[in-house]
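First up is the structure itself, then whatever we jot down about it.
The values are calculated or read from the model by the stated rules, or taken from the named source; none is laboratory data. This structure is a prediction, so every number in the text was calculated from the model and none was measured. In this analysis, Cβ positions are derived from the backbone assuming ideal geometry, glycine residues included, and neighbour counts consider all displayed protein chains. Remember, those area values only see protein heavy atoms, side chains included, never the ligands or the DNA or RNA. Shrake-Rupley method; radii C 1.70, N 1.55, O 1.52, S 1.80 Å.
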Amino acid sequence: MDVEPRRTLLDALRHNLGLTGAKKACDMGNCGACTVHLDGRAVYSCLVLAVDCEGREVTTIEGVAAGSDEGELHPLQRAFIEADAFQCGYCTPGQIMSLKALFDRTPHPSDEEIERAVCGNLCRCGAYQHILKAARLARDHP
């Protein structure tokens, strides 16, 4: 796709491609609601220019379950449901993307690694304990 050089990856995903899973909240890299994977690494898409992603692999929350059987949720998504790890759900895609990047690198992360993975993701509802519980569930029962 053609985009203006100043367009962020977040805006290109949402406005050019209609992928609205990554949320636009702070637009300054402070909240993590726009977290996506760029070449397998969790990044704030509001801080990345779309033109810098040419030839690179971008994965959004919409693509997380794509590797599993059709219609089946990713283990992290199932764990979030089981642990009631969302209230309003606004931060959920970013939380899952941050955790998935960790789990892809480290299939059995420590509690400290889990906490570090989501420390840059804000939850306005304060569901942090449930988010951590979901990550531990996904780790212990993939």
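Here are the numbers:
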| quantity | calculated |
| --- | --- |
| Modelled label reach - H141, point 7 Å along Cα→Cβ, region 76-93 residues with backbone N closer than 19 Å | 76-86 |
| Average accessible area per residue (Å²) across region 30-99 - probe 1.4 Å, nucleic acids and ligands excluded | 49 |
| Cα-based helix-to-principal-axis angle, 128-140 vs the chain, degrees rounded to 10 | 80 |
| GNM result for the chain, Cα springs below 10 Å: residue of S98, S110, S45 fluctuating most strongly | S110 |
| Of H37, H130, H15, the one that fluctuates the most in a GNM where the chain has Cα springs shorter than 10 Å | H15 |
| Among N30, N16, N121: highest mean-square fluctuation, GNM of the chain, C-alpha pairs under 10 Å | N16 |
| Point-charge dipole on Cβ atoms (K/R +1, D/E -1) for the chain, about Cα centre, debye to 20 | 400 |
| Two-site label geometry, N30 and D104: point separation in nm, points 7 Å out along Cα→Cβ | 2.8 |
| Probe 1.4 Å - accessible area at T20, Å² to nearest ten | 70 |
| Region 13-87 and region 90-139: distance between their alpha carbon centers, rounded to Å | 13 |
| Whether region 11-55 is rounded, prolate or oblate, judged on the alpha carbon gyration tensor where a/c under 1.5 counts as rounded | oblate |
| Global form of region 59-118, assessed from the alpha-carbon gyration tensor, a/c cut-off 1.5 | oblate |
| Estimated [θ] at 222 nm from DSSP helical runs (n ≥ 4, -39500 (n - 2.57)) normalised by residues in the chain, nearest 500 | -9000 deg cm²/dmol |
